[in-house]
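Every read-out reported here was derived from the displayed coordinates using simple, explicitly stated rules and does not represent laboratory data. Because the structure is a prediction, the values reported are computed rather than measured. Positions of Cβ are generated from backbone atoms using ideal geometry, with glycine treated the same way; all protein chains shown enter the neighbour counts.
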Amino acid sequence: MGTAEPQVATEAQNPDSQSQVTDGFQLVIDALKLNGLTTIYGLPGIPITDLTRRAQAAGLRVLSFRHEQNAGYAASIAGFLTQKPGICLTVSAPGFLNGLNALAHATVNCFPMILISGSSEREIVDLQQGDYEEMDQLAIAKPLAKAAFRVLNAEDIGVGVARAIRAAVSGRPGGVYLDLPAKLFAQTMDSAVAKNTLIKVVDPAPRQIPAPEAVKRALDLLRTAKKPLIILGKGAAYAQVDSEIRSLIEGTGIPYLPMSMAKGLLPDTHEQCASAARSYVLPQADVVMLIGARLNWLLSHGKGKTWGGKSHKDWGGQKFIQVDISPQEADSNVRVDAPVVGDIGSCVSAFLSEIKSGWAKPPAEWLSAINEKKTANVAKMAETLAKNPSPMNFHSALNVVRDIVRANPDAMLVNEGANALDFTRSIVDVYKPRKRIDVGTWGIMGIGMGYCIAAAVVTKQQVIAIEGDSAFGFSGMEVETLCRYGLPVCIIVMNNNGIYKGTDIDTTGGLAPTVFVKNARYDKLMEAFGGVGVNATTPAELRKGMEEAIRSRKPTLINAVIDEAAGTESGRITSLNPSAKKK
Ligand code: ADP
Ligand code: TZD
Ligand code: MG
């Protein structure tokens, strides 16, 4: 934009100079670096353009996006993958608002993230005198963030960053907003004095040890179970105590269900994995231990027919044990008989030291009943997957993806859409922890390319993204970013010509709101920026395209042409759709 950027003391511009003076820009960079926060997902402009340049010059990795929402989603998932707050950097008002969706998403999903936005002059904003990009950003961020702070003076930058870090990662993680007004960046300070104001946060996410009596109560209850079940949620994946969780599952012999992003915590092919018998184990189980999973809509609120209740509001007969860092989570939907409050690492370790002295495996009838259901369902699915219809459908395409993921278990799997999400979740097995990242608690569309970029940057592994054609559209322009940074991302657009399917007809003769241009070629978008585009109309073409993408590690987009009639409205959650319910 045409307005002059804030002037910075020239001596401070070169971070390597022997200058006695530093400035706000430099202090923000120093505070982040001091705390090991070395990647910024952002989009430059007033007043943070120089912050992005100087951060890069100071050795931080600055990834510049095409839209702040995607930078924000990238930061949020980087937080999930690393247990350090992902940093998203935006300009004021509109850039801030574009980033805000991701901040709310981080808070809702319990991902640590810090949204840092430049803002306009307080004096003008507060008198509402019409400043450039005027907005009271702090007030707007507050209800959507776990915490929100503003720093007015350079000497407070250290404290501001430290508070933001602690708020993001301690207890239940979440999104934190840090407001940095334009005037702050140009403020100068004596370097030595300034250095003293910075804080390297000690123990930002302290362990929270569960009370011994809570541990005992939980295990006593679990011991009484005839049909025990463990549910692993994304909190369990976040905690990064994979071998302890595996020991708990294997040591007790209890069947388990992974929530979507907990898939792979143990390989989905594990003999105790009950995913293929989900609709059998939920209503049948008598004692359920939730580890880092909430009884929200994704688990039908712990009641209703899913859980063996007579009607949709009736409770089943289950008793619940809930392991969670938030002391407020228990009883949020149904009664929790044994809450265990603490960090998952400490809680699982406490369980392990108790069960070391002996644990009776669950009754054989329970295990064999589950196995019977599993075997039948797996056989039914194998039959469906083996078909090769023309045009290709979700199953025949995902059969290929399933093979490729099995052969590349270290690859990151990003997934969004409705049918494209639900079918992928149930068909494509995940073999290692934190390899599957998806739409999360809100079932949000638009996380795709931001997640791909962060996943590639954080893990350096191949990324495979399975995207509905609608879902892809929310962040599609970031294919330029993928190409610019040369990231090893292979996107498969499951192109069924629309939202849920491409066959909807508008009875007034116009276009149905759910349909898109027929036979669109999303692969050409990738070619526009020098990446590889592939149009796949058969499973064989899809397989060839994916194998080549993984071999070359080039940004690749495969337009997978899917039968436009193959999907169902709202995928698996049709019952939540008001009009469909009426029918
Ligand atoms: P899912 O969608 O996979 O079921 P949720 O997002 O609903 O998972 O639940 C995650 C839960 O994990 C949250 O209630 C959160 O408080 C909890 N959590 C996150 N990190 C930890 C941790 N380190 N220790 C204990 N609980 C955690
Ligand atoms: N907007 C946002 C941000 N999130 C949403 N979840 C929606 C809108 C509503 N929505 C869904 O819940 S899924 C979906 C939308 C628009 C897209 C489904 O179409 P798709 O997938 O092409 O991505 P399928 O394979 O055609 O079902
Ligand atoms: Mg679609």
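Some values worked out for this structure:
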| quantity | calculated |
| --- | --- |
| In degrees, nearest ten, helix 539-552 long axis to first principal axis of the chain (Cα) | 40 degrees |
| The chain: calculated mean residue ellipticity at 222 nm from DSSP helix runs of at least 4, using -39500 (n - 2.57) | -11500 deg cm²/dmol |
| Listed pairs LYS33/LYS432; LYS226/LYS305; LYS146/LYS183; LYS303/LYS435; LYS432/LYS518; LYS380/LYS435 exceeding 28 Å between Cα atoms | LYS33/LYS432; LYS303/LYS435; LYS432/LYS518 |
| Estimated distance in nm for a label pair at ARG278 and TRP315, the labels positioned 7 Å out from Cα along Cα-to-Cβ | 2.5 nm |
| The stretch 86-237: radius of gyration and largest Cα-Cα distance (Dmax), Å | 20.4, 68 |
| Distance cut-off 20 Å, percentage of C-alpha pairs in the stretch 36-93 lying past it | 18 percent |
| The stretch 51-175, relative contact order [Cα under 8 Å, separation at least 6], % | 24 percent |
| Dipole of the chain, positive direction: furthest Cα of ILE404, GLY174, GLY304, with charges on the beta-carbon | GLY304 |
| Rounded to 5, percent antiparallel among DSSP beta bridges of the chain | 5 percent |
| Two-site label geometry, THR306 and SER579: point separation in nm, points 7 Å out along Cα→Cβ | 2.5 nm |
| Within the stretch 201-288, GluC sites (Glu not before Pro) in DSSP loop having at most 16 other beta-carbon neighbours inside 10 Å | GLU271 |
| The stretch 99-150: C-alpha gyration tensor shape, a/c 1.5 cut-off, then a/b vs b/c | prolate |
| Relative contact order of the stretch 137-265, defined on C-alpha pairs under 8 angstrom at six or more residues apart (%) | 21 percent |
| Cα Rg, Dmax (largest Cα-Cα span) when computed across the stretch 137-226, Å | 20.0, 68 |
| Packing rank of 87-97, 106-116, 193-203, 497-507, where each peptide gets the mean count of other beta carbons within 10 Å, highest leading | 106-116, 87-97, 497-507, 193-203 |
| For the stretch 303-376 versus the stretch 131-204, the gap between their alpha-carbon centres in whole angstrom | 40 Å |
| Simple spin-label estimate for THR568 and ALA369 in nanometres, 7 Å along Cα-Cβ | 2.5 nm |
| Compactness index (Cα Rg / 2.2 N^0.38 Å), the chain | 1.02 |
| For the stretch 343-450, fraction of C-alpha pairs farther apart than 15 Å, in % | 75 percent |
| Simple Cβ-charge dipole of the chain, Lys/Arg +1 and Asp/Glu -1, about Cα centre, in debye nearest 20 | 2020 debye |
| Taking all pairs of distinct alpha-carbon atoms in the stretch 507-566, Kirkwood radius in angstrom | 13.0 Å |
| Percent RCO, i.e. relative contact order, over the chain, from Cα pairs under 8 Å lying at least 6 residues apart | 11 percent |
| Sites ARG521 and THR384 - FRET efficiency at Förster radius 25 Å, r taken between beta-carbons, to 0.05 | 0.35 |
| Footprinting exposure proxy for VAL159, VAL561 (fewest neighbouring C-beta atoms within 10 Å first) | VAL159, VAL561 |
